[in-house]
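Right, one structure below, let's go through it.
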Amino acid sequence: MNKDEKTKEMIHTHFSTIEPIYEQLRNTDLEPILIIKEKLKKLKKIRAADVGCGKGRYDKQLFRFLKKKRLYLTCIDNNENMLKGLTTNLLENKITNFETKKAESKHLPLEQNSLDAVLTFNAVHHFSIKKFLNESTRVLKNKGHLFIYTRLKSQNEESIWGQYFPKFKEKETRLYTLEKLRTHIKETPDLKLWSIEFFEYERESVLKDLVKQIKNCHYSTLCFYKPEEFKEALEQFKKNIKNEFGNNPVTWKDKNIMFIAKKDVKPTS
């Protein structure tokens, strides 16, 4: 097994393990959902796919804001545990207008020209980006939208974890720069970059809750630490937070970005 295969297996195990408590550990931001709603408002019916859907925390919000009867969603992930959790999650919220497919982003099990939108939330750094973009273009109808919500390498470095958890920003090598992602999109045939949206969120927590998130490996980045290294980093993180914030609430800003692209096939004369 080579390095890439080991990493892939490690990440798969991480998400299988964390599935029962995943929603409790991560923020679900509504702002990108509102932009998606605005972009798709003219469509009476929406056929879409969420790639790297996880347990469906963003999918619940898509159905909430795009209306259950208006949206039919294909939820795609390569982790069977996450898809089972998603199914339970959506059904408990009386959402039935969906299907799940176990697949990787580089081979979307969907028909050509079949979707109004392809979406992905905080997952694109797990993908083979060029293959994902080509597959998204293949399955989108002409003028269909691609929404990529993620965080950049620089945004990760500015987060509470990047600033105060030792080696976190060095361990996370999968995230893209703005220019790299923009270039990948622009170089994809029949895909046109429409806009780039920036997001900034005020966060507040206490050290106890931050430690709980870390111990539960709320970010897959934490899988890359060896046990003793992780233990030492956690102790240093506690010291760093206490030195910076004392007994006050821990405050910081999280930043994210969304790339909006459209399939744009010119008619042949």
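Read the figures in this text as sums done on the coordinates, not as results from a lab. Because the structure is a prediction, the values reported are computed rather than measured. Quick reminder, even Gly has a Cβ in these numbers, built from the backbone with ideal geometry, and neighbours come from all protein chains shown.
Worth pointing out:
- Calculated on C-alpha atoms, the gyration radius of the stretch 60-119 divided by its Kirkwood radius gives an Rg/Rh of 0.96.
- Whole-number D in µm²/s for the stretch 148-208 (Stokes-Einstein; Kirkwood sum over Cα pairs; 20 °C, 1.002 mPa s): 157
- For the chain, Cys with no neighbouring Cys Cβ under 4.7 Å: Cys217, Cys223
- For the chain, the share of DSSP beta bridges that are antiparallel, to the nearest 5, is 50%.
- For the chain, adding -39500 (n - 2.57) for each run of n ≥ 4 DSSP H residues and dividing by the number of residues yields -12000 deg cm²/dmol at 222 nm.
- Computed 3J(HN,Hα) for the stretch 187-198, one whole-Hz value per residue from the Karplus formula 6.51 cos²θ - 1.76 cosθ + 1.60 where θ = phi - 60°, is 8, 7, x, 6, 10, 10, 6, 8, 6, 10, 10, 10, glycine and proline marked x.
- Short to long, the 5 Å bins of the Cα pair-distance histogram for the chain hold 1, 5, 12, 16, 18, 17, 13, 8, 5, 2, 1, 0, 0, 0 percent of all pairs.
- Interchain or long-range residues, amide H under 5 Å from Lys106's placed H: Ser128
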